[in-house]
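Data first, discussion second: the structure below is written as structure tokens.
The values are calculated or read from the model by the stated rules, or taken from the named source; none is laboratory data. Just so it is clear, the structure is predicted and the values come from calculations on it, not from any experiment. As a convention, Cβ positions derive from the backbone with ideal geometry for all residues, glycine included, and neighbour counts pool all protein chains shown.
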Amino acid sequence: MKNTKKIKNTARPRVILRKCDNYSVDHITAIIRESIADLGHEIRGKVFIKPNVVSANKAYIHNSYTHPTVVESMVDILREHKINDIIIVESGGYGIPSRLFLKESGYYDMAKRLKVPVLDMNEYPSTKIQLKKGTCHKDMMLSDLIREADYKIWMPKLKYHIFASITNALKLNIGILQHSERMLYHDYRIHEKIVDMLEAGYPDLVVSDAIDITYGFESAPYPVRLGVLLISDNPLAADAVAAHIMGYKPEEVQHLKIASERGYGSLKLSDISIEGDADIEKLRKKTKGNPRLFQHLDELDTPIKFYAGYAPGTDIICDGGCEAAVKGLLGTIEKKRPGSLKKAKPGAIVHGIYKGDINMPGLPVMLLGDCTRVEGKIVAGKIYRVKGCPIGVKKLMARLPGVFNLPNPMFAPRDAYLFIINSAQKGLSTFIHKILKIK
């Protein structure tokens, strides 16, 4: 047998930062084309594109998703390379049909124009796989659309995040989960969960839409023009550079630190070759001073008080569970009806095991989650309890707004109609593709 000893690649991972001040397809196409050539990539076979379309609403959510023109540019480049076996796939926000968000964000319009499939992976078959590095997920149901791909392109939207600090390439992998498994370990273990997904969702190429980044609740955020595309073939290096731009030390971002500890790479910028025509320190200055709204509930302008307790048997605040649901609901309410939180009825929201007193005489106190208890004294006008672990956003939406006199997003007639119609369409599509196995 011929000696085929493998030589370890000691080259530094590369991250390319290119100036891009607008969403022009021609301009974006030129940048991505040049960057792929610079990286020396040869793209072949079946190509799977994963954007971030976690939410969208034509009325008030316009910046939460990877802009369709960035994905359109990627499709144009693939076709220049004579690649036509292309699919664009997403599993958007939990509990809502992804096809609704894909419609609202313009992805279905793009699909029709470009004649390229845009799919909700929840409607298609999946296969259970084992995860050798997983600490929470020892296995997962992985979409056959991903398993059958020869080349994977992750196209995240760079955003501040309510519990993960930033969302970019690694956090995008929550969207490779079927909705049936989405909320597993979505509690104080969420940062470990994110890294578990990297084993199954390791992209060949990352192209991040950082032309407009966003702050606030990431599914209903506020935009800031950063004016850059971030391109790399190393997801952890891409995220380390992104974290620095967003004002963090990469090791301060929990899921990045865990990924590095599991052997996915270094977080030191000195170990990364940062290239391109955009200066990383100038980009960092652009984000300085922009509020990371909803990351810290105590900073909100509202008479509602928040008490965060520990997860059972730990000294860890359960930031990815009930607290995340509260942040998400309040962020959606405030985005839809600005000024709502400031006008809310005073009271308190508690989650986890809180070891102090809650003093709210005559006012409502809401206890969220199965494990929540107050080890001190509670003085309240009325105590409400909402069960769940973690609490479901739909269940929370049905209770919390009424207690604190907040407008309820569930009661918007257009959104309710779209939810019902798209749920029915999802059900039919799932039956055709998963049960009848018709492609």
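From (1) assigned to a helix (DSSP H, G or I); (2) at pLDDT below 95, pick out the condition that doesn't hold for residue 439. Unmet condition: (1).
Name the one entry in 275, 281 that is in a helix (DSSP H, G or I) and modelled with pLDDT of 95 or more. Please lay out each step first, then the result.
Numbers: 275 fails: in a helix (DSSP H, G or I).
After applying the criteria, what remains is 281.
For residue 256, the conditions (1) under 24 Å from residue 65 (Cα atoms); (2) touching a Ser or Thr at 6+ places or on another chain (Cβ under 8 Å); (3) not acidic (Asp, Glu) are fulfilled apart from (2).
Let's see how each residue does on (1) surrounded by 15 or more Cβ atoms within 10 Å (Cβ to Cβ); (2) of a type in the set (Ser, Thr, Tyr); (3) touching a helix residue (DSSP H, G or I) at 6+ places or on another chain (Cβ under 6 Å); (4) outside the structural domain of residue 336 (by TED's automatic domain parsing):
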| residue | (1), (2), (3), (4) |
| --- | --- |
| 18 | yes, no, yes, yes |
| 36 | yes, no, no, yes |
| 40 | no, no, no, yes |
| 45 | no, no, no, yes |
| 64 | yes, yes, no, yes |
| 92 | yes, no, yes, yes |
| 100 | yes, no, yes, yes |
| 103 | yes, no, no, yes |
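Checking each residue in the stretch 115-138 for being touching a strand residue (DSSP E or B) at 6+ places or on another chain (Cβ under 9 Å), within 23 Å of residue 426 (Cβ to Cβ) and surrounded by 14 or more Cβ atoms within 10 Å (Cβ to Cβ) picks out 116, 118, 119, 120, 121, 122, 124, 125, 126.
May I ask you to verify whether residue 129 is in contact (Cβ under 8 Å) with a residue 60 or more places away in the chain and in a strand (DSSP E or B)?
yes
Scoring residue 18 on the criteria (1) assigned to a strand (DSSP E or B); (2) basic (Lys, Arg); (3) within 21 Å of residue 123 (Cβ to Cβ) leaves a single failure, condition (3).
So, residue 344, is that one touching a Gly at 6+ places or on another chain (Cβ under 8 Å) and farther than 30 Å from residue 32 by Cβ or not? Before the answer, list the steps.
Details: touching a Gly at 6+ places or on another chain (Cβ under 8 Å): no; farther than 30 Å from residue 32 by Cβ: yes.
Judged against the criteria, residue 344 is not a match.
With respect to the conditions (1) within 25 Å of the chain's Cα centre (by Cα); (2) free of Cβ contacts under 8 Å to residues at least 24 places away in the same chain; (3) farther than 19 Å from residue 325 by Cα, residue 410 falls short on a single one, namely (3).
With respect to residue 369, is the statement that it is within 30 Å of the chain's Cα centre (by Cα), on the phi > 0 side of the Ramachandran plot and part of a strand (DSSP E or B) true?
Details: within 30 Å of the chain's Cα centre (by Cα): yes; on the phi > 0 side of the Ramachandran plot: yes; part of a strand (DSSP E or B): yes.
Yes; evaluated as a whole, the condition is true for this residue.
Looking at 331, 388, 376, just one residue is of a type outside the set (Asp, Glu) and exposed (fewer than 14 other Cβ atoms within 10 Å of the Cβ), and that residue is 376.
Test residue 51 against the stated conditions and say whether it is within 22 Å of residue 115 (Cα to Cα) and without any contact (Cβ under 8 Å) to a residue 60 or more places away in the chain. Walk me through how you get there before you give the answer.
On the way: within 22 Å of residue 115 (Cα to Cα): yes; without any contact (Cβ under 8 Å) to a residue 60 or more places away in the chain: no.
No.
Restricting 232, 273 to those that are more than 20 Å from residue 193 (Cβ to Cβ), surrounded by fewer than 21 Cβ atoms within 10 Å (Cβ to Cβ) and touching a strand residue (DSSP E or B) at 6+ places or on another chain (Cβ under 8 Å) reduces the list to 273.
Within the stretch 142-162, work out how many residues are assigned to a helix (DSSP H, G or I) and in contact (Cβ under 8 Å) with a residue 24 or more places away in the chain.
Initial filter on the stretch 142-162 (assigned to a helix (DSSP H, G or I)): 144-147.
From what's left, in contact (Cβ under 8 Å) with a residue 24 or more places away in the chain: 145-146.
Residues flagged as assigned to a helix (DSSP H, G or I) and in contact (Cβ under 8 Å) with a residue 24 or more places away in the chain within the stretch 142-162 amount to 2.
Among residues of the stretch 258-277 that are free of Cβ contacts under 8 Å to residues at least 60 places away in the same chain, those with a Cβ under 6 angstrom from a residue that is among the hydroxyl-bearing types (Ser, Thr, Tyr) and assigned to a helix (DSSP H, G or I), sequence gap 6+ or separate chain, pair up as 267/260.
Summed over the stretch 163-214, the residues that are touching a Pro at 6+ places or on another chain (Cβ under 6 Å) and assigned to a strand (DSSP E or B) give a count of 4.
Do the conditions hold for residue 430, that is, is it touching a helix residue (DSSP H, G or I) at 6+ places or on another chain (Cβ under 9 Å) and in the same structural domain as residue 320 (by TED's automatic domain parsing)? Explain how you work it out, then say what you get.
Numbers: touching a helix residue (DSSP H, G or I) at 6+ places or on another chain (Cβ under 9 Å): yes; in the same structural domain as residue 320 (by TED's automatic domain parsing): no.
Against the criterion (touching a helix residue (DSSP H, G or I) at 6+ places or on another chain (Cβ under 9 Å) and in the same structural domain as residue 320 (by TED's automatic domain parsing)), residue 430 does not qualify.
If you go through the stretch 246-271 and pick out every residue that is polar (S, T, N, Q) and within 17 Å of residue 233 (Cβ to Cβ), you end up with 1.
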